[in-house]
1. Taking the residues in the range 206-218 that are touching a strand residue (DSSP E or B) at 6+ places or on another chain (Cβ under 8 Å) and farther than 15 Å from Ser266 by Cα as candidates, determine which candidate is surrounded by the most Cβ atoms within 10 Å (Cβ to Cβ).
2. Hey, can you tell me all the residues within the range 129-154 that are among the aromatic types (Phe, Trp, Tyr) and surrounded by 15 or more Cβ atoms within 10 Å (Cβ to Cβ)?
3. Here is a check on your reading of the model: is Glu157 surrounded by fewer than 16 Cβ atoms within 10 Å (Cβ to Cβ) and without any contact (Cβ under 8 Å) to a residue 12 or more places away in the chain?
4. Could you tell me whether any residue of the range 44-60 is among the small types (Gly, Ala, Ser) and within 19 Å of Val171 (Cβ to Cβ)?
5. Please find, within the range 157-188, the residue that is farthest from the chain's Cα centre (by Cα) out of those that are in a strand (DSSP E or B) and closer than 17 Å to Asn38 by Cα.
6. Of the numbered conditions (1) assigned to a strand (DSSP E or B); (2) open to solvent by 10 Å² or more (accessible area, probe 1.4 Å), Ile363 fails exactly one; give the number of that condition.
7. Within the range 337-360, track down each residue that is open to solvent by 40 Å² or more (accessible area, probe 1.4 Å) and charged (D, E, K, R).
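The values are calculated or read from the model by the stated rules, or taken from the named source; none is laboratory data. Keep in mind that what you see is a predicted model, and the values were worked out from it rather than measured. Here the Cβ positions follow ideal geometry from the backbone for every residue, glycine too, while neighbour counts run over all protein chains shown. Accessible surface areas use protein heavy atoms only, side chains included; no ligands, DNA or RNA. Shrake-Rupley method; radii C 1.70, N 1.55, O 1.52, S 1.80 Å.
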Amino acid sequence: MHSMLLFSTDEYKERLERARKAMTEAKVDAMLVSAPNNLTYISGYRTNLFDSNFRPFLCLVTVSGDPVLILPTLEVGVGEEVSWIRDIRSWGAAPGEIAWRGENPVIAADSLNAARIVIEERKLASGRIGIEQGFGQRIGMSIEQFGQLKGMLPKVEWTDSTGIFWKLRAVKSKQEIEYMRRASKITDTGYQAVLAGAHEGMTERELQGIMGQAYMREGSDYRGFIIVQAGPERYKMMNPYATDRKVKKGDGVSFDFGAVYNGYWSDLTRTFYIGSVSAKQREMYEVAREVSAMTVEAVKPGVTCEEVDQVAEKELHKRGYKEHMMHRTGHSIGLEVHELPSVGLGEKTVMQPGMCFAIEPGIYDFGVGGFRVEDIVLVTEKGREYLSNCERQLTIV
């Protein structure tokens, strides 16, 4: 059992203790952890079935006592090997039956009754229990199911645990950083493969395929994202699916892309040009590249996220691009490609060593193109470190 942990048991226990401290400060008796990435963070459990919208995966974390993992019966075997938690309860068959693997009994025919049973067993049926209801996270069940659960436990005071988890996950451990470093290296390799293989007449799908194949060869999780937008009619389209459109001479080809390693993400943006580049495109690309580098230099311990955002904003204003800005300067990244805190106006979070950010100031003139050089940056004790290192100079293929 517990043979495939991605982190040491000591690290998981340290996460649990920090969670308990935060729960005590928030006057929360327990958390019913249901958002997949929070569940992975606190328990180690991860599964391809997170993609299913029909099976809640839960973990009850209390201020004292061992946490309890509550899984569908067929997932018990996964839980036994990838989670550090020993107390695993399952649902999905007649109560009292033994799960097909191990000695974890089935306690209910469905997930909600399983959660109710564990909450009542821990004498929390009149307690204050946190669950993810806030900005940037989602409860790992339908609104209807959550309503049913509340009906089963009418005396529970449900509160929001989102802030607790964003605080826990903001500063990465040494092992988390190593996974992110590997994800960034895989992502870099994917882009270099595209540059080596791109030529006039290829389709966006073919370019996407080159990167995806490189991801898999280099050991990425199957998840990840590859956004391709090529040519004038696509410049205004942020986050589109790749098409069968063939790239032509003079096209700017933008990639917003990131591989995933052991659940941890990378997120980069790069643009190259087919055959030639216009003077205006060159000018705007160089501005985006220079401002991105200046913004990264502002990342260091003790500054607020808003202060870093202001470096990019003020520089772009000074260069005459105020009307070409469309979004924040960046965002935290880790188990999700977009995490909190943001690097944007009004964000007072102070940067600390171990925080990781995607820094992405951009400028947009859709008659010419979108221009953004995005990189992953780690806050270190003395400043910052690029985790992503693929080509930043303007490139023509």
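1. Step one: list which residues in the range 206-218 are touching a strand residue (DSSP E or B) at 6+ places or on another chain (Cβ under 8 Å), which gives 207-208, 211-212, 215, 218.
Going one step further and asking which of them are farther than 15 Å from Ser266 by Cα, we end up with 207-208.
Numbers: Leu207: 22, Gln208: 19.
Per the stated criteria, the residue is Leu207.
2. Selection gives Phe146 alone.
3. Spelling it out, it is not the case that Glu157 is surrounded by fewer than 16 Cβ atoms within 10 Å (Cβ to Cβ) and without any contact (Cβ under 8 Å) to a residue 12 or more places away in the chain.
4. Yes: the range 44-60 contains one or more residues that are among the small types (Gly, Ala, Ser) and within 19 Å of Val171 (Cβ to Cβ).
5. Residue satisfying both the conditions and the ranking: Thr159.
6. (2)
7. Restricting attention to the range 337-360, the residues satisfying the condition of being open to solvent by 40 Å² or more (accessible area, probe 1.4 Å) are 338, 340, 345-350, 352-353.
Selection gives Glu347, Lys348.
Table: residues versus (1) surrounded by fewer than 18 Cβ atoms within 10 Å (Cβ to Cβ); (2) among the β-branched types (Val, Ile, Thr); (3) in a loop (DSSP other than H, G, I, E, B).
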| residue | (1), (2), (3) |
| --- | --- |
| Gly190 | no, no, no |
| Glu200 | yes, no, yes |
| Ser220 | no, no, yes |
| Ile227 | no, yes, no |
| Met238 | yes, no, yes |
| Tyr241 | yes, no, yes |
| Asp244 | yes, no, yes |
| Gly250 | yes, no, yes |
| Phe257 | no, no, no |
